[in-house]
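Worksheet: the structure to be examined is printed underneath.
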Amino acid sequence: MDRGLQEYVTRGDVSKLRKLVEQDGSILRQTVPGSLNTALHLAARFGHLELVQEILRTFPEMASMENAELETSLHVACREGHLEIVRLLLETDPWMAYKLNSRDETVLFSACERGRTQIVHHLLKFPNLLVLELDMATTSLHVAASSGNTEIARQILESRPDFAWKKNSQGCTPLHVACSKGHLDMARELLKLDSDLCLECDDEGHTPLHSAAGRGRINIIDEILSINLKSSEITTHKGQSILHLAVKYNQFEVVRYLTQALDTTSLLNVHDNDGNTVLHLATAGKLTAMVVYLLEVGVEVNALNRKGYTALDVIEADASNSGALAIIPALLEKGAKRCDQLSPGLTGIPQGIQSKSASRHNRPTPNQISPARHSHRHHRSNNRERKLELQNEGIRNARKTVTIVAVLVATITFAAGINPPGGFDQQNGKALRGNRAAFKVFLVCNIAALFISICVVNVHVSIIPYTRKTMMKLLSWTHKAMWLSTLFMTAAYIAAIWTIMPDTKSSRHVLVELALIGGGCSVIVFVGLMLMLARHWRNKYKWRKAKCKKTVNDSPNSSVSRVRELEMKINQDMSSNSDVDSSDHGYHLY
């Protein structure tokens, strides 16, 4: 489009536009690149009535021209709310009212989308305009319900009351839309037409009450329940009640309102298709306040879902989460149990679970013989698994640390080897202090530290252990090698200092003090570590001795039942890591 033309249309300058048209009669046919909007589209957007009149007087056929979205200037005028321009365009070409854009939206839809009440009233004078929306998924009434414009909705319902039952692509009626958006007046207007609208379900089985509960619209919930209490009993295709959805989306105020306004005894313990009650959902979502409140109002604390889990099982599956810290004590205080602690006569099991649970309890298991012992063993097993997990993580981190330290030692000793203390002779390239005994000590210790560290690095990058025992052996040997390497590096450092110091009595005294301090610190550290290692070995020895003694004393004989044998086998299987089981300090040496 010509730059001048676009400027004059935007400003609404009719006289300048006339002059351009007199100079070039076809200039009005130009469009904006990309959008393909004509001068009439722009004039309708900015509400320049005189300019629209001038364009239509000159080229009346422009009224039906479409832009890139297949919209006429009438779509634009309806969307922007320019009533006089809408009237003028419809007088020029009444059939423009029935044109659809690329999204299959009518001009009425565009007006409803922006809440243009006067324009909607004018467009509804065309009797067949709403007929175009009969085959469309989303109608103008859906749009009006979404924006909460009750005046527009009332006008549409007067012409087509059947649109109140029309469903969009998700199966939602206008009442669903109004309830999810929280438009109370709109919901009342639709329910006034027919109270049974609150029983309509969308493609997922959600009623308008479900939509309101999931979004926390308490005022809508109160309105629907005051009209039709039966809607509170409907469940979705997944078997979820209004309480399920309120808990699922953490709508605490909705849950509190429903439990106070309704007799929720049956709703509290309803199982969805997965067998989950509202308490299962609350514990799975780590909703502490929700769980505490549900326990106070009397929810069944030991109900089982279709996996056979109670709420306590659900929260203990992720007990490391901080949200579980307050939930587990609250459940235990109300008598919560794990599924393996429940008696065969348990109530609150969804259909299809009880027979499975009964058959499990009819089998002789250690749980039936000694539930207290099993509970203790369960807790001990969980604690031990956490310890083993921490130990495995510590071993992996120790392996990485040893590798990094070995690389650092190799780097330092390599740099010291090619830049020896005292420097080089610039003429022959030999070390200036190479004839001193201290230099020879430095050279031997530096080379030893370098090659030991290189060997450790090669071992760690070449061997990939995948069992704990192999990892411990690898770490034990490479760790001792690193001890030796750091000792050689310490000796090389002292020898290097000795080499470059002047050969005087005072210097010798300084070097002796340095050697005593540095060497003394190193000796103290290594002796301390050796003592701790010896104590760890002693504890392992005592633990193994006690274990062997217990195994001999508890060995099964002819008078011990099969159940007792199974218990002993489980206890023996739980004690396979001597480093963890024999340590009471939270760490162990290798």
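Taken together, the values in this text are just the output of simple stated rules run on the coordinates, not laboratory data. None of the values given here were measured: they were computed from a predicted structure. For neighbour counting, all protein chains shown are included, and Cβ atoms are generated from backbone atoms with ideal geometry for every residue, glycine included.
Can you put Cys112, Cys179 in order, fewest other beta carbons within 10 Å first?
Fewest-to-most Cβ neighbours within 10 Å comes out as Cys112, Cys179.
What nm distance separates the two modelled labels at Glu158 and Met532, each placed 7 Å from Cα along Cα→Cβ?
8.7
Just to be sure I understand: if I project the alpha-carbon convex hull of segment 152-303 onto a plane and average over all orientations, what area do I get in nm²?
That works out to 8.5 nm², a quarter of the Cα hull's surface.
Rank these for me by crowding, Leu184, Leu325, going from fewest to most other beta carbons within 10 Å.
Least crowded to most crowded, the residues run Leu325, Leu184.
For Val461 and Asp135 in the same chain, what is the full-extension length gain: residue separation times 0.36 nm, less their Cα-Cα distance, in nm?
Stretched out fully, the Val461 to Asp135 stretch lengthens by 110.5 nm.
Neighbouring Cβ atoms within 10 Å as the yardstick, rank Ser241, Ser35, Ser73 fewest first.
Ser35, Ser241, Ser73
Could you calculate the contour length gain from Glu69 to Glu333, that is, 0.36 nm times the residue separation minus the distance between their Cα atoms, to one decimal place in nm?
Using 0.36 nm per residue and subtracting the Cα-Cα distance, I get 88.7 nm.
Which value, in debye to the nearest 20, describes the size of the charge dipole of segment 1-75 about its Cα centre when Lys and Arg Cβ atoms bear +1, Asp and Glu Cβ atoms bear -1, and nothing else is charged?
220
I need the shape label for segment 159-217. Rule: rounded when a/c is under 1.5, else prolate if a/b > b/c, else oblate, with a, b, c from the alpha carbon gyration tensor.
Note, shape of segment 159-217 comes out oblate.
Give the separation of the Cα centroids, segment 163-190 to segment 474-491, in Å.
So the separation of the two Cα centres works out to 75 Å.
For Leu484 and Gln426 in the same chain, what is the full-extension length gain: residue separation times 0.36 nm, less their Cα-Cα distance, in nm?
17.4 nm
Of the listed pairs Lys400/Lys440; Lys440/Lys480; Lys248/Lys286; Lys99/Lys192; Lys480/Lys542; Lys192/Lys248, which have alpha-carbon separations greater than 22 Å here?
Lys400/Lys440; Lys440/Lys480; Lys99/Lys192; Lys480/Lys542; Lys192/Lys248
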